[in-house]
Each structure stands twice: as C-alpha cells, then as structure tokens.
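Report on the structure given below.
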Amino acid sequence: MNNEWPLWEIFIRGQHGLSHRHVGSLHAPDAEMAIKNARDVYTRRNEGVSIWVVEAVHISATSPGDKGPFYEPSQSKVYRHPTFFDIPDEVGSM
Amino acid sequence: MPEKAVNESDQQALFQFLLRLGDNTLVLGHRVSEWCGHAPVLEEDIALANTALDLIGQTQLWLGLAGEVEGKGRDADALAFLRDIWDFRNILMVELPNGDFGQTIMRQFLYDAWSSVMLGRLIKSGNPAIAEIAGKVSKEVAYHIERSADTVVGLGDGTEESHKRMQAALNYLYPYVGEMFLSDDTDAAMVSAGFAPDPASLRDEYDVLVAKVLADATLTLPDGSYTHKGGRTGAMHTEHLGHVLTSMQWLQRAYPGSQW
C-alpha cells in the first residue's frame, strides 16, 4: 500500500503581470493543503502573489528520447527566426 | 486615592495583561519550534517552523510593549530570557509537552481559535499601541487558524488511528481551555480602561468556532467542566514550564548579554 501523499507541482506568480513560473514540487493530501504547503514552503520570503498547484500525475511531458525528432530538425532552420527583415529606426526596440 | 497611585495600578495591570499575551506566544512559539527537523513530513516541518517564528515575532511586539509600559528599561529580550518561572503569565495549555503530532496540532487549533477571537476584539482596543499590534498580527493568525483547523479535520476525519489520536488529544487538552476565559482584577482594569474585552465574553464566539471544526473532524468534546488554571495569574505553573525555560534561557544565563 502506498502511504505517500500525492506529488504536486507548484507554480507561483512573482508579481502582477508576470506569468506563473514552476518553482518546485511537494507532497500534500489534497489541492487545498497543497496550496497551504506551497505558501509555507515557497512564499515565506515574499516571493508571490498567486499560487497554482497541479497534481503531478496530470502533467503530460515529452520524453528525453524524443529529443531527436522533436527538437533537432529546427536547429538548421535559421529562416524561421524573424532576423532577415530590415526594421526602420522609427520602430524602436522590439 | 491620589491620582498617581491610580495610574500606577493601571500601568501595572496593563503590564500584566501584555505579559499574558506575550508569554502565551513566547512559550507556545518555543514549544512549536521543538518540532523543527522532527515533523513527520518536510511540508509540515516547514509550516510548523513558520508558525513558531510568527509566534516569536508576536512575542517581540507584545513583550516589547510590555517593557515600555513597565518603564524599567527591560526590553522584549530581557523579559523573555531573564525572568524566572513565577513571573511568567502564560496559560498552562501552551507549556504542556508537544505529545504526538496530533496533540501539537490540536493544541495549536484550540489556541489559534482563542487568538483569532481575541485579536478581533483587540483591533478595536482603546489603546492605540495594542490595536496596532493586533491589526498587524491578525493576518498571520487568520492563516494559522485556517491551517490548524484544516489539519484537525483531516486527521480527525482521517484513518481510525488518526481519529483515535485526535480524540485522545482533545480529551487531554480540553480541561486546559477554560483558563483562557477566566477573568480577574487585571482583566477588569483592562475592560474599564477600554483596552481589552472581558475574557469570559469571548467564550460564545469561541465555542461556535470550535464546535463547527470538531463536528467536521468527527470529534466529540469531552464531558466535564474542570479547568486547570494558575498560569495566567502566575499562581502555579505545571512542572513543564521550568524545563521549557531551561532550554530556552540557558544561553543568556550562561553567557549574559551575548549576541549573534
């Protein structure tokens, strides 16, 4: 029998306007306690204004073995970067 | 009675009142800190350490104000580390040993519930310094009660083993709850000054709050109305307070004035 609480991935918004960022994971019996635990483990130095928790089993991820077919083909396709346009000075920094 | 003497006895009552608040948070904060590195899981370990630190932070405010009111040059550190048992004014419940995790959480809940009700009144204190401290700390106490209440429900309405332990903790601790609502001359002086409520007047709100959480936790209040008392008046502490002070105060006793 598994006596461990499920694992939760924790996302914290550092300040208004920024997106939530993955900060780590922890164990908790349910979502409410996961939020409370995240508050105590990850925001005790005033790091956040919002917390998301997601049970780790609900996250689907690419596997390291997919690296070749997934990512390598784009390495040689520099034309996909929008670096070949002349930007008028008046536009300013982009 | 000459006016000055009246003022002095009022100041003395205010000093005692502030010691009661500050000694509660000091002794409970020290007790909770004993879990640091020993809690059943990492998440609870950090949460308990945070709670302990919050309580010690509250102690700095209450005892700091107590030292100012006393006017003898003692600061919060002097009051915390250089008084002996008979000068402590905390309720007996907070000096009891931690027991198992469930007993620690039950004590925290029973205290947090009182603390949140008390602070709700102290925010409206006629003494601006008391009202300011109450306003500042009531936010973290709102979190403490949310967390301890949730954990009491989780464990009470949990497994057969956790339910049994939480009921045992409640049976053991409940006779210490009544001391929080006893009134004496010090309280009467605070009421007439408009500084604080009569402790007895908090009981109904407290009972409603506690009954709701215990019902969710499937726990039953024990029969009997016997109340252990003597801590907040200083008449008699349990044997446990001396041990708490020994570990808490030894450094300042052995190396007076040492800093880090």
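The values are calculated or read from the model by the stated rules, or taken from the named source; none is laboratory data. Owing to the predicted nature of the structure, the values given are computational and were not obtained by experimental measurement. Glycine also receives a Cβ, built like all others from the backbone with ideal geometry; neighbour counts cover every protein chain displayed. For accessibility, only protein heavy atoms count, side chains too; no ligands or nucleic acids. Shrake-Rupley method; radii C 1.70, N 1.55, O 1.52, S 1.80 Å.
Details
- Applying a threshold of 6 Å to beta carbon distances and a minimum spacing of six or more residues, or different chains, the list of pairs starting in segment A:15-37 at a residue that is at the interface with chain B (Cβ under 9 Å from one of its Cβ atoms) and ending at one that is in a loop (DSSP other than H, G, I, E, B) and open to solvent by 80 Å² or more (accessible area, probe 1.4 Å) reads A:His27/A:Trp5; A:Ala28/A:Trp5; A:Pro29/A:Trp5.
- Scope segment B:226-245; condition without any contact (Cβ under 8 Å) to a residue 12 or more places away in the chain and surrounded by 11 or more Cβ atoms within 10 Å (Cβ to Cβ); matching residues: B:Met236, B:His243
- The single residue among B:Val153, B:Val69, B:Val141 that is closer than 21 Å to B:Ala39 by Cβ and more than 14 Å from chain A (Cβ to nearest Cβ) turns out to be B:Val141.
- Helices (runs of 4 or more DSSP H) contained in segment B:85-165 and holding at least 2 residues aliphatic (A, V, I, L, M) and over 18 Å from the mean Cα position of the chain (by Cα): B:128-156
- Pairs, first touching a residue at least 24 places away in the same chain (Cβ under 8 Å) in segment B:148-160, second in a helix (DSSP H, G or I) and of a type in the set (Phe, Trp, Tyr), C-beta under 8 Å, six or more apart: B:Ser148/B:Phe109; B:Ala149/B:Phe109; B:Thr151/B:Phe109; B:Val152/B:Phe109
- Number of residues in segment B:115-139 that are out of contact with any Phe, Trp or Tyr (no Cβ under 6 Å at 6 or more places or on another chain) and either basic (Lys, Arg) or under 23 Å from B:Ala217 (Cα atoms) (or both): the value is 6.
- Counted residues, segment B:192-210 - those being assigned to a helix (DSSP H, G or I) and under 20 Å from the mean Cα position of the chain (by Cα): 12
- Output for segment A:18-52, where each listed residue is β-branched (Val, Ile, Thr) and more than 17 Å from the chain's Cα centre (by Cα): A:Val41
A quick yes/no check of all residues on (1) under 17 Å from the mean Cα position of the chain (by Cα); (2) part of a helix (DSSP H, G or I); (3) buried (at least 24 other Cβ atoms within 10 Å of the Cβ):
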{"residue": "B:Ala39", "(1), (2), (3)": "no, no, no"}
{"residue": "B:Asn50", "(1), (2), (3)": "yes, yes, no"}
{"residue": "B:Gly57", "(1), (2), (3)": "yes, yes, no"}
{"residue": "B:Gly67", "(1), (2), (3)": "no, yes, no"}
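- Enumeration of residues in segment B:38-66 that are out of contact with any helix residue (DSSP H, G or I) (no Cβ under 6 Å at 6 or more places or on another chain) and farther than 20 Å from B:Thr246 by Cβ: B:Val41, B:Leu42, B:Glu44, B:Asp45, B:Ala49, B:Leu53, B:Gly57
- Contacts under 8 angstrom Cβ, first residue in segment A:52-80 being without any contact (Cβ under 8 Å) to a residue 12 or more places away in the chain and at negative phi, partner small (Gly, Ala, Ser) and open to solvent by less than 90 Å² (accessible area, probe 1.4 Å), 6 or more apart: A:Arg80/A:Ser74
- Residue ranges of strands (runs of 3 or more DSSP E) in segment A:7-75 with at least 2 members loosely packed, with under 10 Cβ neighbours inside 10 Å: none
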